[in-house]
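Throughout, read-outs are computed from the coordinates displayed, never taken from laboratory work. No experiment lies behind these values; they were computed from the predicted model shown. Note that we place each Cβ from the backbone using ideal geometry, even for glycine, and neighbour counts take in every protein chain shown.
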Amino acid sequence: MRILELNKYINRTFSAEMKTLVKLAIPIIGSSILHMAYHLTDMIWVGRIGVSAVASIGTAGFFINLGWALASVVVVGVSVKVAHSIGAKNKKAAGKYATAGAWGIAILALFYTSLLFSFRNQLIGFFNLQNTEVIDGAISYLTITAAGAILTFAIIFFIGIFNAHGFTKLSFRASLTGTVINIILDPIFIFGLKLGIQGAAYASIIAHVFALSIFLFLVIKSKKIQFVEFKPKLSRLWLILRIGSPASFQRISFIVIYIFLARIISEWGSEAIAVQKIGVQIESITYMIVAGVLQAVSISIGQHFGAKNYSAIMVVYKKGLLLVVSISILTTLLFLLIPDVLFSIFVSDPSAINLGRNYLMIIGVSQVFMGVEMLSSGAFHGLGKTQFPAVVGVSLTSLRIPMAYFLGFYTALELNGVWWSIAGTSILKGVLLSFLFYWVMRKLIKKKNISNFA
C-alpha cells in the first residue's frame, strides 16, 4: 500500500514539475526562436550582399558575443540570487540584489564600449584577413554595434531579472517587439537606404531601444519586480560577481577559443569563415530551443534550492533532460538528412554549400551531447555552483585549439578536422557534466538527510 502511495506521489510530482518547466520554458523558447529568427533573417539579407559581407559580420560577431559573455558575470550571479530569494519568499532581498546587479551591469557596459572603440582596428587585425573589403566591413560593423553595447547589456540584464522571478511571458513580449522591429528594419536599412552591413547594425540599435523601453515600462508598472535601495551594498555586488565569475569566465573563454579557431579556419580563406558563421546560426536551432529549457530548469532549481526542497531538484533535472534529448534528436536528423537544403537558404555558391554540408553533418553527431551539457550547466547555475561547468567547459573547450590545429594541418581531414574537434569535445563535456551533477546532488541530499536525522 505504501509503495502504491509513493508511486502516486512521484507521478504527481513529475507531472507538476513538467508542467512548471513547460510553463516557464515556452516563453523563453519563444524568445530564443525569435532571437534565432532575427539572426537567421539578418544572415539571409546580408548573404545577398555577398560572402565577404557575411565574413565581415562573422569576424566582428566574435567580439559582440564576447560582450554578452562578459555581461554574464553580473546576469548569472544576480539571476541566481534573485531566484534563491524568491524561493525563500524574501522579495526585499531580491530587490536589493537587483539594485546591486543594475550598478554592476552599467559599469561593465561602459567599460566594454570604451574597449571596443579604442581597439577596434587591432581586434579585427588579429585575424590577419587578406581581403580589405572584409576588414573594412568588420571594423565598420563593430564600431556601430559598440555604440549600442549599453543597450544590449541592459536588455540581457532585465531578461535575467524577469526570468528569475518566473515572469518569462513578460520578457518574451519585450523581446518579441524588439525582434520584429529588427526583422522589419533590416531590408529597409540594408537595401532600401543602401547602407549595406552598416544598415544591419543600425537596425539592431533601433530595435534595442524599443525593447529596452518596454522593459523599463514593465518595471515601473509592476509591483512584484522591485529595485530596493539606490546604492548597492558592496557585499551583495561581490557575491553576485563571485557566483557569476565562473560562468562568465567560461563564456569569455569559449569566445576567445573560437577567435583562435577562426584564426585557424582563416587559413582556408574567407569562404571558410563565412561557412562557419552560417553553420553556427543554423546550429542555433538546437542551441536557442535548448537554452529555453536550460533557463527554465535553472529558475526552477534555483527556487527549489532557496526553499531547501532538494528532492524536487532531481525531478526537475530529469524532466529537463527528457525535453532536451527529444529536441536534440530532431535537430540531429535535420543536420544529417538535409544539410544542403539548410545551407542553400543562406548562400548559393556550390563550394560554400559543400563546405557547409560537411560542417552540419559532423556537428550533427554531437547535438544531443551539447544539449545535455547545456542543461547540466543550467542546473549547476540554479544551485549557485557555477564553478563546475566552468572548469569542465574551459578545460575541454580549450582542447579544440590543439585538436583543430593537428587534425586540420597534419591529417587528411583538413578543414573537416576543425569541425571534428568541436564535435568531439562537445560529446566529452555532455557526458562529464551530467555525471558530475548526479554526484553533487547525491552529496547534497545525503548531507540534508544526515542534518535532519541529527
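Taking neighbour Cβ counts within 10 Å as the exposure measure, how do R48, R442 sort from fewest upward? Let's see the in-between values first.
On the way: R48 15, R442 11.
Listing R48, R442 from fewest to most nearby Cβ atoms yields R442, R48.
Whole-Hz ³J(HN,Hα) for each residue in the range 153-164, computed from phi via Karplus 6.51 cos²θ - 1.76 cosθ + 1.60 with θ = phi - 60°, x for glycine and proline: what do you get?
Values, residue by residue: 4, 5, 5, 4, 4, 5, 4, x, 5, 4, 5, 5 Hz.
Under a cut-off of 29 Å between alpha-carbon atoms, report the lysines in cross-link reach of K429, not counting same-chain residues fewer than 8 places apart.
Filter leaves K19, K23, K81, K277, K308, K318, K319, K385, K443, K446, K447, K448.
Over 20 Å intervals from 0, what percent of Cα-Cα pairs in the chain sits in each interval?
Pair shares across the bins are 24, 58, 17, 1.
Among F210, F406, which comes first, second and so on when ranked by fewest other beta-carbon atoms within 10 Å?
In order of increasing Cβ crowding within 10 Å: F406, F210.
Could you sort 151-159, 192-200, 78-86 so that the peptide with the highest average Cβ count within 10 Å comes first and the rest follow in order? Walk me through the intermediate numbers first.
Numbers: 151-159: 22.2, 192-200: 17.8, 78-86: 27.1.
Peptide ranking by packing, descending: 78-86, 151-159, 192-200.
Once phi is turned into θ = phi - 60°, what whole-Hz ³J(HN,Hα) does the Karplus curve with 6.51, -1.76 and 1.60 give for every residue of the range 246-258, x standing for Gly and Pro?
x, 5, 5, 4, 4, 5, 5, 4, 4, 5, 4, 4, 5
Could you run the Karplus curve 6.51 cos²θ - 1.76 cosθ + 1.60 with θ = phi - 60° over the range 289-305 and give me ³J(HN,Hα) per residue in whole Hz, x for Gly and Pro?
Whole-Hz 3J(HN,Hα) from phi for the range 289-305: 5, 5, 4, x, 5, 4, 5, 5, 4, 4, 4, 5, 5, x, 6, 5, 5.
In what sequence, highest mean first, do 160-173, 371-384 appear when ranked by Cβ atoms within 10 angstrom? Show your work: numbers first, answer last.
On the way: 160-173: 22.6, 371-384: 26.2.
Per-residue mean Cβ counts within 10 Å order the peptides as 371-384, 160-173.
Using Cβ counts within 10 Å as a stand-in for footprinting exposure, how do V440, V75, V275, V315 rank, fewest first? It would help to have the intermediate numbers written out before the result.
Values: V440 15, V75 28, V275 33, V315 21.
Ascending number of Cβ neighbours within 10 Å: V440, V315, V75, V275.
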